[in-house]
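For reference, the structure is listed below as structure tokens.
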Amino acid sequence: MIPIVAYADRLSVAPGEDIAFKVSSTGTEPFEARLVRIICGDPNPAGPGIKEEAIEADLGGPYPSRFQAVHRGSYGRIEDAPDLRGIESFTLMAAIWPTTPTKGEQGILAKLDVGSGAGFALIVGAGGGIAAVVGDGAGGVARAEVAAPMRERAWYRVWAVYDAERGKLSAGQAPLEPAFKVADAGTAEATPGFTPKLDTAAPLLVAALGGDPATSHYNGKIERPALFDRALADPAAAPSESALAAWDFSQDIPGTRMVDTGPHGLHGEFINLPVRAMTGSGWTGAEMCWRHATAEYGAVHFHDDDLYDCGWETDFTFTVPADMRSGVYAVRLTSGEDEDMVPFFVRPPRGGATSRACVLVPTFTYIVYANYARDCTDDQYRARAAAWGARPWTPDDHPAFGISTYNFHSDGSGVCYSSRLRPILNLRSAFLAYYDPRGSGLRHFTADTHLFDWLDAMGHDFDVVTDEDLHEEGVALIAPYKVVMTTTHPEYHTPETLDALATYTQRGGRLMYLGGNGFYWRVARHRELAGVLEIRRTEGGIRTWAAEPGEYHHSFDGAYGGLWRRNGRPPQRLAGIGFTSQGEFIGSYYRRAPGADDPRAAWIFEGVEDEVLGDFGLSGGGAAGFELDRVDHRLGTPAHALVVASSEAHSADHQLVPEELLDYNNTVTGPPPEALIRADMTYFEMPQGGAVFSVGSIVFCGSLPHNGYDNNISRIVNNVLTRFRGD
């Protein structure tokens, strides 16, 4: 276990507002909390190092250490009700699509007190076949279990029946599409040696057994679960309309309710966000959008490692003072020799700005990448982390806090929901994404602190706002600023954030896009639940997994997911450049282009005589690499945009993005693949005095601190920022 770990109830907070911290500590000593302003989070001794400013604040404490558990696994819960009591005979049934049928017992539909054994359940048995379970309320359990294991990722009608008159318990499974020479259908019958006690106050659970927390979570899809208060002679053919309760998962897909279409309205709630808008057993393929054929999307995919909100109790709350400077802060927690830190962002007072410049912090990208297990925590990584005093805790070693949308669930399906209401191990200063022999090996938050450090060192005041702020408040939030800067990787956006940025530049705002692979994927926010995002890895795009056919539309908002390019909004329309190539974490350099000498852009290079730009840096050893963006007029780059520098000499592993390829030799926009592997540093004007400056490289900001901030990349950015923040 990690000795002390924590999270906050929010990432962005305004002066006068509260932020709550939730801490779990395995130690016996109390923990203390102190407040710091984060300047640089890079532990590399060859760079600026960890730089923080202590902030006077009364955070209370010391606080007693206590362990707070994490309960993973999604399921549905229907609270006990009078209409669920007094049952003597029953039939449970559902359509299921199991993904790990032989992993052990898994609940499908259960009203079971796991302590006493009272109640009844329909489960996947330890051998992979369906089982019916009843208990006597004194620890005795009887079951009827089908011997034939079910196939993975195949649809079955399954059932459990208890007939009190006959004293018989039975279970069955029938494949909806039988496979040739596969014996996976079957029934089983047993006679309990006792009179089952079916009446229990336990809740009725879908995709788990009883207990608090729930146990034996199911992996796979479930559709149309139903409960009958009688024994059916032919459960596979029974109409759900005659059920005591029948839950239709095709209703209220964007919400968290389980809708009961039976006579008693026994509605329930989904816990830990199982995936909705999933194709069901009757999906025909005629409609690819669940909004147009909801009946075909009545399945929900449950996972034993789903996690939305850890639900920890609050240990202390901090009220941000009215005069607190906008910026990047953290609460540092210590208990004896153990420590953790929780970053957060203080925005300016609501309705006002305190600077002419603003940094847009990509919290949507942080959430999507939250706890990304990269499988890189090897001996080399550990030695580097130990030598630099970097954080030793990684998602590879500690998956208990949920994984990222770049990982797979335990059943092999891709993760499409991610939440910030949990400890995020890679959202910490001194966290190394991987071992980088040429630099620091930073991604996301820690890499973004190179920009915060540079701004501080160069004497530029700035405010910070987050993606969540921009989504909620739109262009009004950033309208007061002369210039808005991105950090290294603003990859994930909603329509609201893109609309705000586009309107901002059209109305005279200046945008500095200081990263790569930005404005690339479309995400959705949940209408009810805070801090959670949805991503569907649809056709095209650099991705670690692919959505199943028919599951390309978000469950949260019904919109087509995937790339913004596939949604008619390529990044070039906003930033002038868009994602074109990815390779290993190796930085190359830019070469000055003819556009640098154009009178419209010559001021960008004031004091810069070099032809080669950025052949140095803390991220991969250079300013251009890993993920690259280029201009493309067919995709929306303005005709008057100037390319002032382009990168070259990239490592052989850099490949063109798949959405650009027609075949192995031809691209959508014409040029050969090798010609499109470059980053274009680009400048263009917008109406009413607006302008856009884009660099197109994810490792760019790692070059800013080089040589004590005295280098050609630093001078270029300083020239642009000074110009953009002026009148």
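The values are calculated or read from the model by the stated rules, or taken from the named source; none is laboratory data. From a predicted model like this one, the values you see are computed outputs, not experimental measurements. With ideal geometry, Cβ positions are generated from the backbone for all residues, glycine too; neighbour counts draw on all protein chains shown. These area figures cover heavy atoms from the full protein model, side chains too; ligands, DNA and RNA do not enter into them. Shrake-Rupley method; radii C 1.70, N 1.55, O 1.52, S 1.80 Å.
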ask   = Around residue 244, which amide H atoms from residues at least 5 apart in sequence, or from another chain, sit under 5 Å from its own amide H, with H modelled in the peptide plane?
value = 227, 228, 229
ask   = Residue separation times 0.36 nm, minus the C-alpha to C-alpha distance between residue 639 and residue 229: what's the value?
value = 140.6 nm
Net charge of neighbours whose Cβ lies under 12 Å from the Cβ of residue 465, counting Lys and Arg as +1 and Asp and Glu as -1 = -4
request  = Kindly provide the helix-only [θ] at 222 nm of the chain, computed as the sum of -39,500 (n - 2.57) over DSSP H runs of four or more divided by all residues, to the nearest 500 deg cm²/dmol?
outcome  = -2500 deg cm²/dmol
task = Any chance you could give the angle, 0 to 90 degrees and rounded to 10, that helix 444-457 forms with the longest Cα principal axis of the chain?
result = 30
key: Answer label, with Rg/Rh (Cα atoms, Kirkwood Rh) calculated from the coordinates and candidates (1) 1.53; (2) 1.06; (3) 1.02   = (3)
query = Solvent-accessible area per residue for the chain at a 1.4 Å probe radius, Å²?
reply = 35
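Rounded if a/c is under 1.5, else prolate if a/b beats b/c, else oblate: with a ≥ b ≥ c from the C-alpha gyration tensor eigenvalues square-rooted, which is segment 389-485? Walk me through the intermediate numbers first.
Working: a/c = 2.82, a/b = 1.36, b/c = 2.08.
Verdict is oblate for segment 389-485.
What does the charge count near residue 16 come to, summing +1 for each Lys or Arg and -1 for each Asp or Glu among other residues with Cβ under 13 Å from its Cβ?
On the way: positive: 347, 350; negative: 17, 18, 323.
Net of charged neighbours comes to -1.
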message = What are the ³J(HN,Hα) couplings of segment 244-251, residue after residue, when phi is run through the Karplus curve with 6.51, -1.76, 1.60 and θ = phi - 60°? Round to Hz, x for glycine and proline.
response = 5, 8, 9, 9, 9, 6, 7, 8
remark   = The answer for the net charge of residues other than residue 138 whose Cβ lies under 12 angstrom from its Cβ, with Lys and Arg +1 and Asp and Glu -1, is -1
request  = For helix 379-388, report the angle its Cα long axis makes with the longest principal axis of the Cα atoms of the chain; keep it between 0 and 90° and round to the nearest 10°.
outcome  = 50
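State the dimensionless ratio Rg/Rh of segment 503-616 (Rg: radius of gyration of Cα atoms; Rh: Kirkwood radius). Please report the intermediate quantities before stating the final value.
Details: Rg = 18.8 Å, Rh = 17.5 Å.
Radius of gyration relative to Kirkwood radius: 1.07.
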ask   = Where in segment 420-439 is the amide nitrogen less than 19 Å from a point lying 7 Å along the Cα-to-Cβ axis of residue 339?
value = 424-433
ask   = What aspartates and glutamates sit close enough to residue 197 to cross-link, taking a C-alpha to C-alpha distance under 18 Å and skipping anything fewer than 8 places away on the same chain?
value = 80, 83, 88, 113, 136, 163, 165, 229
remark   = Zone reached by a paramagnetic label modelled 7 Å from residue 259 Cα along Cα→Cβ, restricted to segment 295-337 with backbone N below 19 Å, covers 295-301
task = Go through segment 689-704 residue by residue and turn each phi into a ³J(HN,Hα) via Karplus (6.51, -1.76, 1.60, θ = phi - 60°); whole Hz please, and just put x for glycine and proline.
result = x, x, 6, 9, 10, 10, 10, x, 9, 6, 9, 4, 5, x, 8, 4
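Estimate the FRET efficiency between residue 662 and residue 408 by the formula 1/(1 + (r/R0)^6), using the beta-carbon distance for r and 25 Å for R0, to the nearest 0.05.
Numbers: r = 29 Å, r/R0 = 1.17.
Once the sixth-power term is evaluated, E becomes 0.30.
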note = To the nearest 10 degrees, the tilt of helix 712-724 (Cα long axis) against the first principal axis of the alpha carbons of the chain is 90
request  = Using θ = phi - 60° and the Karplus relation 6.51 cos²θ - 1.76 cosθ + 1.60, list the HN-Hα couplings for segment 67-75 in order, rounded to whole Hz, with x at every Gly or Pro.
outcome  = 8, 10, 7, 10, 10, 8, x, 9, 6
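Can you give the direction-averaged projected area of the convex hull of the alpha-carbon atoms in segment 1-134, in nm²? Walk me through the numbers on the way to the answer.
On the way: hull surface 64.3 nm².
The Cα convex hull of segment 1-134, projected and averaged over all directions, gives 16.1 nm².
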ask   = Given 0.36 nm per residue, what is the gain on full extension from residue 236 to residue 378 after removing their alpha carbon distance, in nm?
value = 46.0 nm
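Sort segment 607-727 into rounded, prolate or oblate with this rule: let a ≥ b ≥ c be the square roots of the eigenvalues of the Cα gyration tensor; rounded if a/c is under 1.5, and if a/c is not under 1.5, prolate when a/b is larger than b/c, oblate otherwise. All intermediate terms of the calculation are to be shown ahead of the outcome.
On the way: a/c = 2.67, a/b = 1.29, b/c = 2.08.
Oblate, since a/c reaches 1.5 and b/c is not below a/b.
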key: Accessible surface ranking that places the most exposed of 613, 232 first, with a 1.4 angstrom probe   = 232, 613
request  = Run the quick spin-label model on residue 195 and residue 288: label points 7 Å from Cα toward the beta carbon, then report their separation in nm to one decimal.
outcome  = 6.0
Extension gain (nm, one decimal) between residue 77 and residue 651, 0.36 nm per residue minus Cα-Cα = 201.4 nm
